[in-house]
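The values are calculated or read from the model by the stated rules, or taken from the named source; none is laboratory data. What you see is a predicted model; the values in this text were computed from it and never measured. Cβ placement follows ideal geometry from the backbone for every residue including glycine, while neighbour counts extend to all protein chains displayed. Just so you know, the surface numbers come from the protein's heavy atoms only, side chains and all, with ligands and any DNA or RNA stripped out. Shrake-Rupley method; radii C 1.70, N 1.55, O 1.52, S 1.80 Å.
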Amino acid sequence: MITQALLRALDKKALWLVAILVALAIAVPAANLMIPPGQPGHVPIYVVTLFGKYLTYAMLALALDLVWGYCGILSLGHGAFFALGGYAMGMYLMRQIGDRGVYANPVLPDFMVFLNWKELPWYWMGFDQFWFAALMIVLVPGLLAFVFGFFAFRSRVTGVYLSIITQAMTFALLLAFFRNDMGFGGNNGLTDFKDILGQPVQAATTRGALFAATAVALALSVFVCSMIVNSKLGKVMIAVRDAESRTRFLGYRVEYVKLFAFTVSAVMAGVAGALYVPQVGIINPGEFEPANSIEIVIWTAVGGRGTIVGPIIGAVVVNMGKSYFTGALPEFWLYALGALFVFVTLFLPKGIVGLLGQWRAVSRRHEPARPAAGEAQASDAEERGEDPTTLIGDPQPKPAE
Amino acid sequence: MRPIRSLRLLFALVGLSLTLLAGVARAQDVPGLIEAMGEANLRELGGIVEELAATGDSTVAPALEALADGDLYVDEADGRVVIVTRNRMYDPVTQTEIGPAGDADLSRIRINNSLRRDVAAALGSLTLMSDDPTVRLSAARSMRANPTEENLILLDEALAAETNPSVRGAMETARAVTILALDDTSLEEKRAAVPVVARNAGREAITILNAALGSAPEELATDIRSAIAGLEQERAIWAALQNVWFGVSLGSVLLLAAIGLAITFGVMGVINMAHGEMVMLGAYTTFVVQDVIRRNAPELFDYSLAIALPLAFLITALVGIAIERGIIRWLYGRALETLLATWGLSLILQQTVRSIFGPTNRQVGNPSWMSGSFEFYGLSLTWNRFWIVIFAIAVFTALLVVLNRTALGLQMRAVTQNRRMASAMGIRTPFVDAMTFGLGSGIAGLAGVALSQIDNVSPNLGQGYIIDSFMVVVFGGVGNLWGTLVGALTLGVANKFLEPYAGAVLGKILILVLIILFIQRRPRGLFALKGRAVES
């Protein structure tokens, strides 16, 4: 049964994606390290780090896609899970600084010395060990999502209400992490990292390794997501997305299905955050901004939700656009992002991947001799829960649920 | 010690009787007496002070005060006596400025401690007996500060003659304070003084009583303690009331920001993330109106808000209708997607405003009737907060009237309850949607005008309110304006009551956590729609 699930998970698309990511994990750092600068094919170190960052974003978008695209939960709290994972990693990196900080205190990070703290708070204990930090990276976002989701889904908080309370959670965490006496560096967050696993963070080899780790982690996430959505559970998730009450009446425990997706997704977001921090070199409360969480949604929407490859494309494309615009035309970026939100929701409800699918469907329709393919396409669409009539028929507003 | 005190007492009495005698009989030439101070030695000076006190004329008070403070000088050039403060010379009688003190050859008129006390006594009697009730009042109040036996005698004298009730009250208080502070007053007197102090001494009462507690015998001490306990309880009640007011004030701001959102959310199920930007547009409308008024007709400044209100309503309502017709109507039935599209819109609106007006805060002034504060019993209220509370109530009532008494309101309620049925009955639901969205946005614009009076007008203004507004709507529940009212006030008051214990930030975090927990109990808010509309 397990082998079957594995085989199913690695359908053609996912297999390709995993293969590409693994290839990238090897090729990009190699192109940076093996090929000397100036020669064709050399990848500068900043590009490696930049794309490493994009891949963590892609992982985050994929995590959101698992709950939003497949389970219909629009979480505005994924930025928080991402940041929590990031903080766990940041705490490990802070402890690795040791006595190389400005105040040269072997135990306390600089900001604690600055705040006149005498000893390490209990929740910083253990973060000098990588295994413990790694455990926390998974546990903290996972537990938060589990507890939050357990209560929220059990009392059937759905739709917009869930979005708003996840946003409230993010906002509460933002305020909390801004406080100096929380012991997480307050406004400035955690930065000035020196070593990770004994290697200097700034070194080209470390950066290459981090990129490879990110790509592999993303490949793993793709694998996990693909396995989930192709399983029977995945079908139930899609059923929950499309008709929650009906699924419940059929006898499924909707809340547990949702809780599973939400928790797995939060863990994935946390791991993405943990990989993000050593690459950008800082984590601060700004990562908790509710606006960030909404931005993740647009990456997913642009790429195409309800698909595995969509969010990855979306996150990379939008963030490349962001890097370009904020550098070249800073005033224009918010217009572009805003317009992207409006445009995608109005004209591209299925994102880039959906658009490609439509084109393919159109070109297929021109080939008259393949009726089977069209049928497959229709049932495929139905499987994704998209009622073909919703886009054609006149949409009607619904009062608040 | 004792003989000296009795001597001084005698002296004061003499001064007093002289004062009483004074008036018409020994009306002296005040400027002449003051001029004489210039050459007088200490003893002569004592005589002059007596005589000045004897005139009963309150115009000599400044000169005496200056003498006691060492600000009275003689100009050696012409022998003139002047008051010098902050390096400028003033006439001791008329208080008019003579000129800078820099060049003049001045020497201070020296006095010793006993003379200084005489001057204080003379001043007290002068002012306590003044014809002007306000002078008497301030004299009685100032006597609380340095309780001496002379003051006690003076106060007794003055009380005997006093008829003005408020001045009498002040004198009685000063007398009670003095009795409590002196050592050789009797226990009965002191016990009688305690309630007087507790009742009348206002904010200082607890300090005064605590000071008296130190040396009090047991009998008196219990009296004082119970008086202090009573005062502290009273103070706690007022502090709580003040907190309630702060809470109501915050709640009314939340109400203004959230009520438009509640309408659009309730009627159309649309999460309008650009709602905060409507508030911002309203605030910028106020800024533009004030700017135009400042340039063209500054005398109209006090009416700027009255002009800005309808304009802000119109502008934001039109923007809202444009948004509804242009974007939102294509997304009905997909609430989560409207959330994204309106978020995108909010980014565009923010950036537009930032491009036009710049990223920094814009100065929006308070009209004169909205600045300053006033006291209401023990509460201190600022006018702008006060008017915003009134305004929020007015907007709320107006909205109730619109929803319950107009055709549009009827249609809106019908559409909220059952869209398809309403449509079947011939209500043009798209028109109602557009109007609802316009109304909701227009109210956000009105909120913007109000918020421009208490908050920074910057492109990020709306962002700060959007999450709070959502909390209010989610907490209060949709489909009922009263839910929004209760939600806003509850959150406001709860926030202000948590603040002293937890601090502003932690208080807010607690509120957010409480709302998240509350939603678990009631997933549709306080005032949820019941029946079929719940699950559609």
Subject >> With every protein chain in place, the protein assembly as shown: carbon and sulfur % of accessible area (1.4 Å) >> reply: 62
Original post:
What pairs in A:194/A:322; A:194/B:496; A:232/B:508; A:322/A:350; A:12/A:350; A:53/A:258 have C-alpha atoms more than 32 Å from each other?
Top reply: A:194/B:496; A:232/B:508
Original post:
At a probe radius of 1.4 Å, what is the per-residue accessible area of residue B:245, in Å² to the nearest 10?
Top reply: 40
Original post:
What translational diffusion coefficient, in µm²/s and rounded to a whole number, does the Stokes-Einstein relation yield for the range B:229-345 at 25 °C and a viscosity of 0.890 mPa s, taking the hydrodynamic radius as the Kirkwood radius over Cα pairs?
Top reply: 143
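For peptide B:326-332, compute the average count of partner chain beta-carbon atoms within 10 Å of each residue's beta-carbon. Write down the numbers at each step before the final one.
Working: counts 2, 3, 2, 4, 5, 6, 5.
Counting other chains' Cβ atoms within 10 Å and averaging over B:326-332 gives 4.
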Subject >> Zero-based 5 Å bins, Cα pair distances in the range B:327-434, whole percents >> reply: 2, 9, 10, 10, 11, 15, 15, 11, 9, 5, 2, 0
Original post:
So who's got an amide H within less than 5 Å of the one on residue B:89, skipping anything under 5 residues away but keeping other chains? H placed 1.01 Å off N, in plane.
Top reply: B:98, B:99, B:101
Original post:
Got a sec? Charge dipole of the protein assembly as shown, +1 on Cβ for Lys and Arg, -1 for Asp and Glu; which of B:429, A:20, B:490 is way out at the positive end?
Top reply: A:20
Subject >> Gaussian network model of chain A, Cα within-10 Å springs - most flexible of A:42, A:366, A:78 >> reply: A:366
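Tell me the per residue accessible area of the range B:427-536 using a 1.4 Å probe; a whole number in Å² is fine.
On the way: 4160 Å² over 110 residues.
That works out to 38 Å² per residue.
For the range B:338-398, what is the convex hull volume of the alpha-carbon atoms per residue, in Å³?
On the way: hull volume 10.4 nm³, N = 61.
With only Cα atoms used, the range B:338-398 gives 171 Å³ per residue.
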Original post:
To the nearest 10 square angstrom, how much accessible area does residue A:191 have with a 1.4 angstrom probe?
Top reply: 50
Subject >> Over 29 Å [Cα-Cα, the range A:2-349], rounded percent >> reply: 41
**OP:** Under 15 Å from the Cβ of residue A:117, count the other residues' Cβ atoms, weight Lys and Arg +1, Asp and Glu -1, and hand me the total.
**Re:** 0
Subject >> Delta accessible area of at least 40 Å² on complex formation, residues of the range A:150-164, 1.4 Å probe, chain isolated as reference >> reply: A:155, A:160, A:161, A:164
Original post:
Of B:113, B:101, A:223, which is farthest along the charge dipole of the protein assembly as shown in the positive direction, counting Lys and Arg as +1 and Asp and Glu as -1 at C-beta?
Top reply: A:223
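Please compute how much accessible surface disappears when A pairs with B, both sides summed, using a 1.4 Å probe, and round it to the nearest 100 Å². Walk me through the numbers on the way to the answer.
Details: alone 20570 and 27020 Å², together 42910 Å².
Counting protein atoms only, the buried area is about 4700 Å².
If you roll a 1.4 Å probe over the heavy atoms of the protein chains, what accessible area per residue do you get for the range A:2-349, in Å²? Write out the running numbers ahead of the final one.
Working: 14180 Å² over 348 residues.
Solvent-accessible surface per residue comes out at 41 Å².
Multiply the residue separation of residue B:410 and residue B:183 by 0.36 nm, subtract the distance between their alpha-carbon atoms, and state the gained length in nm to one decimal.
Values: separation 227, 0.36 × 227 = 81.72 nm, distance 7.69 nm.
Full extension from residue B:410 to residue B:183 adds 74.0 nm.
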**OP:** Would you calculate, for chain A, the mean residue ellipticity at 222 nm contributed by helices, counting each DSSP H stretch of 4 or more residues as -39,500 (n - 2.57) and dividing by all residues, to the nearest 500?
**Re:** -23000 deg cm²/dmol
Original post:
In sequence order, what are the phi-derived ³J(HN,Hα) couplings for the range A:26-31 according to the Karplus relation 6.51 cos²θ - 1.76 cosθ + 1.60 with θ = phi - 60°, rounded to whole Hz, with x for glycine and proline?
Top reply: 8, 6, 5, x, 4, 5
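At 222 nm, what helix-only mean residue ellipticity would chain B give, in deg cm²/dmol to the nearest 500, using -39500 (n - 2.57) for each DSSP H run of four or more?
It lands at -23500 deg cm²/dmol.
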Original post:
What do you reckon, how do B:196, A:48, A:102 stack up by accessible area (1.4 Å probe), largest on top?
Top reply: A:102, B:196, A:48
Original post:
Which ³J(HN,Hα) values, rounded to whole Hz and listed in residue order, are derived for the range B:181-195 from phi using the Karplus coefficients 6.51, -1.76 and 1.60 in 6.51 cos²θ - 1.76 cosθ + 1.60 with θ = phi - 60°, glycine and proline given as x?
Top reply: 7, 7, 7, 9, 8, 6, 4, 4, 4, 5, 5, 5, 6, 4, x
**OP:** Run the quick spin-label model on residue B:207 and residue A:324: label points 7 Å from Cα toward the beta carbon, then report their separation in nm to one decimal.
**Re:** 6.9
Original post:
Taking the simple approach of a point 7 Å from Cα along Cα-to-Cβ for both residue B:163 and residue A:280, what is their distance in nm?
Top reply: 8.1
Original post:
Ratio of Rg to Rh for the protein assembly as shown, alpha carbon only, Kirkwood?
Top reply: 1.14
Original post:
With no solvent and one point per C-alpha, what does the Debye sum give as log10 I(q)/I(0) for chain B at q = 0.08, 0.09, 0.12, 0.13 Å⁻¹?
Top reply: -0.74, -0.81, -1.03, -1.14
